[in-house]
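Engineer: Okay, here's the structure, questions in a sec.
The values are calculated or read from the model by the stated rules, or taken from the named source; none is laboratory data. This is a predicted model, so every value here is computed, not measured. When we count neighbours, we look across all protein chains shown, and the Cβ atoms used for this are built from the backbone with ideal geometry, even at glycine. Each accessible area value is taken on the protein alone, full model and side chains, heavy atoms only, with ligands, DNA and RNA left out. Shrake-Rupley method; radii C 1.70, N 1.55, O 1.52, S 1.80 Å.
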Amino acid sequence: MGIFVVMEGIDGAGKSTQAKLLAKWFEKKGYEVVLTKEPTDTAFGKLIRRLVLTGGKEGIIDGARISHEAEALLFAADRAEHVHKLIKPSLESGKVVISDRYFYSSLAYQWARGLDLKWLIDLNRFAVRPDLVVLLDLPVKESMKRINGRGIKTEFDKIVELQKKVRENYLKLAEMFPEIKIVNAQNSIEDIHRDIVGLVEQEILSKV
Ligand SMILES: Nc1ncnc2c1ncn2[C@@H]1O[C@H](COP(=O)(O)OP(=O)(O)OP(=O)(O)O)[C@@H](O)[C@H]1O
Ligand SMILES: Cc1cn([C@H]2C[C@H](O)[C@@H](COP(=O)(O)O)O2)c(=O)[nH]c1=O
């Protein structure tokens, strides 16, 4: 079996930066690496980006925004394809899979939208559990500074409140799922990478 590592955290926490660095680190060690993300780049992921994440007209169906339950189901459908077509086969052929977001994002975000946590956990029961989930934790103020350049201009206060709730949820999830390890994402990119490598060595490589 291969190795499965997931990066999680609020928007702008540094997940894709750290996922790429970790992929390079594994490759240098001679592993074959699959670097992936959720929502995926498949038709399901594209549907989510159109219907859920644009916040624009396309997210309105028959005059109303799609329900939070429908959003959760779309994320789960995308994930089911991801697990069955890419993650499981890659792990079975001994590769390292690094995913920028996974089902913990559904728990943290869709829970913050008011859905029932137990329902979300049940919905995502098919998802294979990773060897390590790196939770990049930092205050929302810092993350907003980092992603401000992406041009959020409307509903800023609402976005900040949601991100605060998501951060709290992630910290609660870290108490429930032992594979989640918290890393201080306020440090420099290099220091964070060093912390993540330390976790990989301690939680995965020392056990094989
Ligand atoms: N430790 C860090 N210190 C300062 N800036 C950082 C750090 N890590 C990443 N950044 C910068 O912050 C921005 C967001 O980083 P990145 O895209 O990796 O975050 P993300 O968690 O993947 O975001 P999202 O969830 O919104 O896709 C980028 O401009 C990146 O260069
Ligand atoms: C997988 C997943 C994602 N989300 C949210 C979290 C982010 O706000 C966006 C994805 O944006 P990114 O820049 O590509 O990271 O989608 C979610 O609410 N639920 C999920 O399961």
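To keep it simple, each residue is scored yes or no on (1) hydroxyl-bearing (Ser, Thr, Tyr); (2) more than 13 Å from ligand 1 (Cβ to nearest atom); (3) without any contact (Cβ under 8 Å) to a residue 60 or more places away in the chain; (4) within 28 Å of residue 207 (Cα to Cα).
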{"residue": "1", "(1), (2), (3), (4)": "no, yes, no, yes"}
{"residue": "4", "(1), (2), (3), (4)": "no, yes, no, yes"}
{"residue": "26", "(1), (2), (3), (4)": "no, yes, no, yes"}
{"residue": "29", "(1), (2), (3), (4)": "no, yes, yes, yes"}
{"residue": "82", "(1), (2), (3), (4)": "no, yes, yes, yes"}
{"residue": "93", "(1), (2), (3), (4)": "yes, yes, no, yes"}
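Engineer: Follow-up question, since we're still on this one. For region 118-136, which positions are over 16 Å from the mean Cα position of the chain (by Cα), assigned to a loop (DSSP other than H, G, I, E, B) and of a type in the set (A, V, I, L, M, F, W, C)?
Structural biologist: 126
Engineer: Sticking with this one: Any residue at all in region 41-48 that is crowded, with 20+ Cβ neighbours inside 10 Å, more than 8 Å from ligand 1 (Cβ to nearest atom) and in contact (Cβ under 8 Å) with a residue 60 or more places away in the chain?
Structural biologist: no
Engineer: Identify, by number, the condition in (1) over 28 Å from residue 77 (Cα atoms); (2) within 15 Å of the chain's Cα centre (by Cα); (3) open to solvent by 20 Å² or more (accessible area, probe 1.4 Å) that residue 185 doesn't meet.
Structural biologist: (3)
Engineer: Another question, if that's okay. Go through region 73-97 and count every residue that is of a type in the set (A, V, I, L, M, F, W, C) and within 14 Å of ligand 2 (Cβ to nearest atom).
Structural biologist: Matching residues across region 73-97 total 8.
Engineer: In addition: Let me confirm something: among 183, 128, 160, 140, which residue is closer than 26 Å to residue 88 by Cβ and β-branched (Val, Ile, Thr)?
Structural biologist: 128
Engineer: Of everything in region 152-182, what is over 26 Å from residue 24 (Cα atoms), among the aliphatic types (A, V, I, L, M) and surrounded by 17 or more Cβ atoms within 10 Å (Cβ to Cβ)? Give them in sequence order.
Structural biologist: If the condition is that a residue be over 26 Å from residue 24 (Cα atoms), among the aliphatic types (A, V, I, L, M) and surrounded by 17 or more Cβ atoms within 10 Å (Cβ to Cβ), then 162, 166, 173, 174 are the ones that fit.
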